[in-house]
Amino acid sequence: MPESRILVRKAAILGAGVMGAQIAAHLANAGVPTLLFDLAAKERDPNDIAQRAIENLKKLEPSPLATKDRAAGITPANYDQHLALLSGCDLVIEAISERMDWKQSLYEKVAPHIGAQAIFASNTSGLSINALAQACPARLRRRFCGVHFFNPPRYMHLVELIAQRATDRRLLDQLETFLTTTLGKGVVRAKDTPNFVANRVGVFSMLATMAHTESYRLPFDVVDALTGPAIGRARSATYRTCDVVGLDTMAHVIRTMDEALPDDPWHKYYQAPAWLKALIDKGALGQKTKAGFFRKVGKDIEVLDRATLSYRPSAGAIDPEIAAILALQAPSERFARLRSHAHPQAQFLWAIFRDLFHYCAYHLATIADNARDIDLAIRWGFGWKRGPFETWQDAGWRQVAEWIAEDIAAGKTLAAVALPEWVTAGPAATGVHLPEGAYSPSTNTFRPRSKLAVYARQHFPDPVLGEKPPAGTTILETGAVRMWHTGDDIAIVSFKTKQHTIRADVLDGLLAAIAEAERNWRGLIVWQSNEPFSLGADLMSLAPAVQAEEWDTLEAVVAKFQQTSQRLRYSLVPTVAAVRGMALGGACEFIMHCDRAVAALESYIGLVEAGVGLLPAGGGCKELALRAAQEAARGSVGGQLDLFPFLRTYFQQAALATVSKSALDARDLGYLRAADVVIFNPYELLWVAKAQVRALSESAYRPLLPVSGIAVAGRTGIATLEMMLVNMRDGGFISAHDFEVGLRIACVLCGGEIESASLVDEKWLLDLERREFMALLKNPRTQERIAHTLKTGKPLRN
């Protein structure tokens, strides 16, 4: 076994609270059987606490489970009866409440049962790993460390990995490999300091925001308007984030900083503001109690008034002048204008950035190895588009440093300490990010990325400012697509359109790429450098022809779409779709026609054309009919073919525009096949896709033979599906136009008005789906839906 690999056959989570249960869910998502421990319940099933936590996972939205049936991979357990089961676990993660004494007591109880080769870890968000290790026996101490997931664990990319003095460094490498590939995480090695990296910086940022909320007398809803997407941060911004995390949890994290960092220059701000304490005292703890800084009353959102501590309608907005500044393209100009503008909102924004930059520079040497680790931790753990050092450097390192120094001298900053000398002198005097690496104060050098073998699987890791990922070598390029390679014999094609939408010129480019791949390359991968994979057909590009009623032109585009899908299916070299993010409509059709798909877990795939009053006509309806026939044939008994159970499922998905909630869900829905590959780390997509091309190529690849003799349900099937539509319409579940769209989808899936069990070929189904698509496109109600979607970005139900 390679040194950096560890085999996790079974895991255990100690603590079935919010984090523990969701970590267990993500392990189950990855196919790791997991024991979920908690206290034995009194006077009922001893496993009841853990069992209830597992059942609750199925109710949460967004779901911690990639598919509901993944919960079957979690087994409830309790400390009274099942400690012996720990001996069969390769990974044991403690995730109980943040009490040092409780954790140490639990360690004494479980340690004798943990196997000699198992990894034992704490999911603490900020307690000392070295102090926790003292509760472990000597034999276990070398295999003990911190593994800090972020909430919610399935969706947040960050995991902090924290060693203590005795931790085996080879074990850390093995664990990092497991976390990266098996669980799909971005790992940051943190030092054993209070709250580690992301929470230390992120919570300080929130505390600084709270302090300046007070000093500039801004309402909470205005602050959230200013500190969300407007400055490249999460939609939950500041106070909504507090509500989601829980105000009691926030207070605990703040208290940890207060107690553990008495000599910190910012220590006076490690206190919960009076209004936060007041909310906690009256039990308004945020989302879990349905009231915190915000609350929902009916359909209305109300916000706490800071002065009166009563609620009022939320209507916070950014001043138009400040919004105009934030819209400026040049970061240097944005910051200069914010700093010089007299409006309280501008002064507030400059102050929160200034104090964050000051804090990060001062503490970099003690909390992280290098600037990249802080930036990635904040991006992955808090959902910011840019980390603090990236933001500073992008705005002009020297100039911003001068402004910070001036404000320190003027007594405007939250702490009076000077910036570290390295900020203005030495190798980092112009910035902390260079192509060769990120600045590390401890070595006074720029540190390259980790050389751990697992990272060779990431052709294009998540870049930070200053890094220049290799562009590859262009094979052919148009205004819509680029075909390129990375130095091997596998070609890659990427779309250049906004949101990677599919226009006529994308189809032309993709057809040219397939032809070139057949001539000179081992295989072809459809891959995008960032999310989404594709939002499907570009309706905007079709709108002028629809308005001009150029129906022949439009039908020719649809025919070319079908031709492109068929070329992907019957190419002379393997075609692989490498998918992450949304893959909707025509993009889903391309995926269904490639020889193989490799999809990141967080892929949301679906045929959504019905939402704009259309049907899948890039081969999607044909493919659903074909798959239904093939599945029915596999399940037939005594030669009796029953198409309807399979048709009904696919029909409902197409008619209701169902989108998968994960790649594993897409497999259950039939958008992905059993042979398609689901991976957990999106940055490994290209590596795995190339492996699939090689495997197909080395297996004497030949394209499938064209399919004929497809059994269809005919007019009997159409009538049966129509009955379903009538019930849905009469029950108020679908509109009149939904009914028409659904009926036309039913017509295609059933092969048209022909006898049941008739045999047709692919061309028959393609001609039928194109005909029905054009009929819908000419319908004024469909045109209303398209116009409404293009104008508002939302579907219209008419």
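The values are calculated or read from the model by the stated rules, or taken from the named source; none is laboratory data. Here the structure is a predicted model, which is why all the values come from computation and not from measurement. Please note: Cβ atoms are built from the backbone with ideal geometry, for glycine as well, and neighbour counts cover all protein chains shown. The accessibility values were calculated without ligands, DNA or RNA, using every heavy atom of the protein model including side chains. Shrake-Rupley method; radii C 1.70, N 1.55, O 1.52, S 1.80 Å.
The string of couplings for the range 232-237 from the Karplus curve (6.51, -1.76, 1.60, θ = phi - 60°) is x, 10, 4, 4, 6, 6 Hz, one whole number per residue in order, with x for Gly and Pro. Accessible surface area normalised per residue over the range 173-320 is 41 Å², counting heavy atoms of protein chains with a 1.4 Å rolling probe. With contacts taken as Cα pairs under 8 Å and at least 6 residues apart, the range 22-173 reaches a relative contact order of 20 percent.
Provide, as a two-decimal number, the C-alpha radius of gyration of the range 280-408 over 2.2 N^0.38 Å, N being how many residues it has.
1.30
Of the trypsin sites (Lys or Arg not before Pro) found in the range 702-795, those that fall in a DSSP loop while having at most 14 other beta-carbon atoms within 10 Å are K778. Per atom type, the range 169-316 shows carbon and sulfur on 51% of its accessible surface, probed at 1.4 Å.
Go ahead and estimate [θ] at 222 nm for the chain from helices alone: -39,500 (n - 2.57) per DSSP H run with n ≥ 4, summed, over the residue count, rounded to 500.
The helix contribution divided over the chain gives -13000 deg cm²/dmol.
In this calculation the C-beta distance from L790 to N56 is compared with R0 = 51 Å, giving a FRET efficiency of 0.80.
For the range 622-762, taking the reciprocal of the average inverse distance between every pair of different Cα atoms yields a Kirkwood hydrodynamic radius of 17.1 Å.
Among the trypsin sites (Lys or Arg not before Pro) in the range 438-503, those located in a DSSP loop and surrounded by at most 13 other Cβ atoms within 10 Å of their own Cβ are K451. Considering only alpha-carbon pairs that sit under 8 angstrom and 6 or more positions apart, the relative contact order computed for the range 680-772 is 37 percent. Full extension of the segment from L572 to E555, taken as 0.36 nm per residue of separation minus the current Cα-Cα distance, would add 3.4 nm.
Of the residues A251, V303, Q347, the one whose Cα sits farthest toward the positive end of the charge dipole of the range 251-406, with +1 on the Cβ of Lys and Arg and -1 on the Cβ of Asp and Glu, is V303.
Do the alpha carbons of any pairs in K191/K690; K103/K191; K68/K451; K58/K109; K58/K498; K288/K661 sit beyond 27 Å of each other, and which pairs? Table pairs above 27 Å Cα-Cα are K191/K690; K68/K451; K58/K109; K58/K498. Approximating the spin labels as points 7 Å out from Cα along Cα→Cβ, the L309-to-E722 distance works out to 6.7 nm. Based on the Kirkwood radius over alpha-carbon pairs, what value in µm²/s does the Stokes-Einstein equation return for the translational diffusion coefficient of the range 701-757 at 10 °C and 1.306 mPa s? Reported coefficient: 126 µm²/s.
Remark: relative contact order (the chain) = 8 percent; criterion is Cα-Cα distance under 8 angstrom and separation of 6 or more residues. Distances between every pair of Cα atoms in the range 366-478, grouped in 5 Å steps from 0 to the bin holding the largest one, split as 2, 10, 17, 21, 20, 13, 7, 5, 3, 2, 1, 0 percent.
Each listed q (0.04, 0.06, 0.10, 0.11 Å⁻¹) maps to a log10 I(q)/I(0) for the chain from the Debye sum over equal C-alpha point scatterers, namely -0.19, -0.44, -1.20, -1.37. A Förster distance of 56 Å, applied to the separation of the beta-carbon atoms of A775 and A405, puts the FRET efficiency at 0.20.
Based on protein heavy atoms only, the range 537-580 ends up with 42 Å² per residue of surface accessible to a 1.4 Å probe.
Pairwise inverse Cα distances across the range 252-332, averaged and inverted, put the Kirkwood hydrodynamic radius at 15.7 Å. Here is the result for the range 305-404: no GluC sites (Glu not before Pro) lie in DSSP coil with at most 11 other C-beta atoms within 10 angstrom of their C-beta. Relative to the Cα centre, the charge distribution of the chain, modelled as +1 at Lys and Arg Cβ and -1 at Asp and Glu Cβ, gives a dipole magnitude of about 900 debye. In whole angstrom, the range 524-647 maps to an equivalent ellipsoid with semi-axes of 27, 20, 15, each derived as √(5λ) from the alpha carbon gyration tensor and ordered largest first.
Among rounded, prolate and oblate, which fits the range 503-582 when a ≥ b ≥ c are the square roots of the eigenvalues of its C-alpha gyration tensor, a/c under 1.5 means rounded, and a/b larger than b/c means prolate? Verdict is oblate for the range 503-582. A full extension of the chain between L419 and N530 corresponds to an added length of 36.4 nm, given 0.36 nm per residue minus the alpha carbon distance. Across q = 0.18, 0.22, 0.23 Å⁻¹, the range 71-147 modelled as identical point scatterers on its alpha-carbon atoms has Debye log10 I(q)/I(0) values of -0.71, -1.05, -1.14, in the order of the q list.
Protein heavy-atom surface of the range 84-164, 1.4 angstrom probe: 55% of the accessible area is carbon and sulfur, with nucleic acids and ligands not counted.
A simple spin-label model places pseudo-atoms 7 Å from Cα toward Cβ; at R139 and R44 they are separated by 3.8 nm.
Model label sites at S699 and S450, defined 7 Å from Cα along the beta-carbon direction, differ in position by 3.2 nm.
For the range 1-152, the dipole from Cβ point charges (+1 on Lys and Arg, -1 on Asp and Glu) about the Cα centre works out to 320 debye, to the nearest 20.
Computing FRET efficiency as 1/(1 + (r/R0)^6) for A230 and A471, where r is the C-beta to C-beta distance and R0 is 35 Å, gives about 0.65. Accessible surface calculations at 1.4 Å, restricted to protein heavy atoms, place the range 346-443 at 32 Å² per residue. With a cut-off of 10 Å between beta carbons, the residues surrounding K290 carry a summed charge of +2, where Lys and Arg count +1 and Asp and Glu -1. Taking all protein chains in place and a 1.4 Å probe, what share, in percent, of the accessible surface of the range 663-798 do carbon and sulfur account for? That share works out to 57 percent.
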